[in-house]
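Chemist: Here you go, one structure.
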Amino acid sequence: MTTEWYLDFVDTSHRPSSDELVALFRVEPAPGISMPEAVGRVASESSIGTWTKLTTMTPEKRRLMAKAFSIKKPWVKIAYPAELFEAGNMPQVLSSIAGNIFGMKAIKNLRLEDVSFPPALVESFPGPQFGISGIRKIFGVERPLTVSVPKPKVGMTSEEHAQAGYEAWSGGLDILKDDENLSSQTFNQFERRARLSFKMRDKAEKETGEKKSYLINVTAETKEMLRRARLVKSLGGEYVMVDILTTGWAAVQTLREECEQLGLAIHAHRAFHAAFTRNPKHGMSMRVVAKIARLQGVDQLHVGTVVGKLESPKEEVLALKEVLTSDKINGTAGTLPQDWRGIKQVFPVSSGGLHPGLVPQVIKLLGRDILIQIGGGIWGHPDGGRAGARALRQAIEATLDGIPLSEYAETHQELRRALETWGYIRPK
Ligand code: CAP
Ligand code: MG
């Protein structure tokens, strides 16, 4: 008599009901383990089972068993009864469908590729407060918004940081941004940086007549993040920036609630994602991270560049844009359907190794409803950050007017100097 019951979690006759959560996995069994045995383990361990039959099991509890209903090696779809999940509790959802299963000995590799969240679960999360239309209202322009991180990414004093902001805002930058690992170090404390930078922001706004803003990084212990968000509000800020993966989903949920009260938009940095999204055979896809971030209610999220320094394949970047901006996703052979139930869109951010010479390719790929973040490609400009910001605006103007950069550079020296420095290189 076998003590195992994994195969009870495999039912290819099952058709998921509309209220079930469906997960798409890439499953590679360990040597000597069949696909159904591997798949049964994934469905079991991520729902109610364990390695052996249980004397405590009753027929009534079987209703909570996940069912692997589609197996097309290596792709597997598993349906999970809605009752398994607590509404509004993203950590619990992930502890189920992205928990123990990655460590099972019977599985050589496992990747959570996509998740179709059912309507009741989607509606239990806030979604973005502003969305693309709300952010657009802040700035009142239809072109791509320009963002820059003062570089070196950490090391400036608060005074130097604020001055760098003033330079870039004066050169035409819309939004200054902290780097992902800048928080409140001794040489650049959060409160001092905030006070000085927002003062410079106001000065640059007055002098340029353009709306300017600042993505100040509040990443910290949760209660401290809320304190920092309230300070930003008191200084007239429009945003907070948060490293969503190193702070964790529970902290993001709490920050999102606070930002609803404060009326602050959230810029989501995804530092740490490549620790588990980059391996195509094992981990969790950036697609799933983007879906969770939209449900949690960030207003802006990094999606990659294709042409910059960080791994971001074209099909992935385009898929992320669809996840963040679609009303409904129909699903394909390799993706699941998703009804967003009317929650707002998330503004895609293209960043990482960009410079003015790459702007036309980014806009061609992602369109104008994006934010373009350029750090080194502004602060490495031979004539400084103000000229670098100007060169970025000029590259966007030329692209939107359909003028080749080389031609536009003949009458725009900041762009010319940027092209002389980097040309059209794709940094690695
Ligand atoms: C870019 C950046 C961003 C990356 C994050 C950096 O600076 O500030 O954090 O874009 O990657 O620290 O590398 P540069 P992603 O413009 O100087 O490259 O956007 O893929 O999440
Ligand atoms: Mg950075």
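Chemist: Read phi for every residue in the range 279-291 and hand back ³J(HN,Hα) as whole Hz from Karplus 6.51 cos²θ - 1.76 cosθ + 1.60, θ = phi - 60°, with x for Gly and Pro.
Modeler: So the J values, rounded to whole Hz, are 6, x, 9, 8, x, 9, 6, 5, 4, 5, 4, 5, 5.
Chemist: Could you tell me what fraction of 2.2 N^0.38 Å the Cα radius of gyration of the range 231-284 comes to, as a two-decimal ratio?
Modeler: 1.39
Chemist: List Tyr239, Tyr214 from most exposed to least, where exposure is judged by having the fewest other Cβ atoms within 10 Å.
Modeler: Tyr239, Tyr214
Chemist: Sorted from fewest to most neighbouring beta carbons within 10 Å, what does the list Leu226, Leu176, Leu324 look like?
Modeler: Listed from fewest to most nearby Cβ atoms, that is Leu226, Leu324, Leu176.
Chemist: Counting Lys and Arg as +1 and Asp and Glu as -1, each charge on the Cβ, what is the dipole of the chain about the Cα centre in debye, to the nearest 20?
Modeler: Approximately 380 debye in magnitude.
Chemist: Let me ask another. Check which residues have an amide H placed less than 5 Å from Arg270's amide H, if you skip close sequence neighbours.
Modeler: His302
Chemist: Please turn the phi angles of the range 85-97 into ³J(HN,Hα) values with the Karplus equation 6.51 cos²θ - 1.76 cosθ + 1.60 (θ = phi - 60°), one per residue in order, whole Hz, x for glycine and proline.
Modeler: With coefficients 6.51, -1.76 and 1.60, one gets 10, 8, 3, x, 10, 5, x, 5, 4, 6, 5, 8, 7 Hz.
Chemist: Given the C-alpha centroids of the range 121-153 and the range 361-428, what is the distance between them in whole angstrom?
Modeler: 21
Chemist: How large is the convex hull of the C-alpha atoms of the chain per residue, in Å³?
Modeler: Enclosed volume per residue, from the Cα hull, is 148 Å³.
Chemist: What percent do you get for the relative contact order of the chain when only Cα pairs under 8 Å and 6+ apart count?
Modeler: 16 percent.
Chemist: Can you list the HN-Hα couplings for the range 43-56, worked out from phi with the Karplus curve (6.51, -1.76, 1.60; θ = phi - 60°), rounded to whole Hz and with x for Gly and Pro?
Modeler: Per-residue couplings from phi come out as 5, 5, 5, 8, 10, 10, x, 8, 6, 9, 5, 10, 6, 8 Hz.
Chemist: Sticking with this structure for a sec: Could you tell me which of rounded, prolate or oblate describes the range 145-185, using a ≥ b ≥ c as the square roots of the eigenvalues of the alpha-carbon gyration tensor, with rounded for a/c under 1.5 and, failing that, prolate when a/b is larger than b/c and oblate otherwise?
Modeler: Oblate is the answer for the range 145-185, as a/c is 1.5 or above yet b/c matches or exceeds a/b.
Chemist: Using the Kirkwood formula over every pair of different C-alpha atoms, what hydrodynamic radius in Å results for the range 166-318?
Modeler: It works out to 16.4 Å.
Chemist: Moving on to the next point. For a quick check: with amide H placed at 1.01 Å from N, whose amide H comes under 5 Å from Ser70's, ignoring anything fewer than 5 positions away on the same chain?
Modeler: Residues meeting the amide H criterion: Lys77.
Chemist: Please sort by residue number the GluC sites (Glu not before Pro) in the range 93-188 whose DSSP state is loop and whose Cβ has at most 16 other Cβ atoms within 10 Å.
Modeler: For GluC sites (Glu not before Pro) across the range 93-188 that sit outside H, G, I, E and B with at most 16 neighbouring Cβ atoms in 10 Å, the list reads Glu123, Glu142.
Chemist: Amide H of Ala265 versus every other amide H placed in the peptide plane: which residues, excluding those fewer than 5 positions away on the same chain, fall under 5 Å?
Modeler: Hits under the 5 Å cutoff: Tyr239, Val240.
Chemist: At a Cα cut-off below 17 Å, give the aspartates and glutamates reachable from Lys203, other chains included and same-chain residues fewer than 8 away excluded.
Modeler: Within the straight-line cut-off, Lys203 pairs with Glu159, Glu160, Glu167, Asp174, Glu238.
Chemist: Another one. For the pairs Lys177/Lys199; Lys177/Lys314; Lys291/Lys321, note any where the Cα-Cα span goes beyond 21 Å.
Modeler: Cα-Cα > 21 Å for Lys177/Lys314; rest within.
Chemist: How would Arg393, Arg15 line up from fewest to most surrounding beta-carbon atoms within 10 angstrom?
Modeler: Listing Arg393, Arg15 from fewest to most nearby Cβ atoms yields Arg15, Arg393.
Quick note: the coordinates plus some simple rules give every number you see, no bench work behind them. Fair warning: this is a prediction, and the values are worked out from it, not measured in the lab. Please note: Cβ atoms are built from the backbone with ideal geometry, for glycine as well, and neighbour counts cover all protein chains shown.
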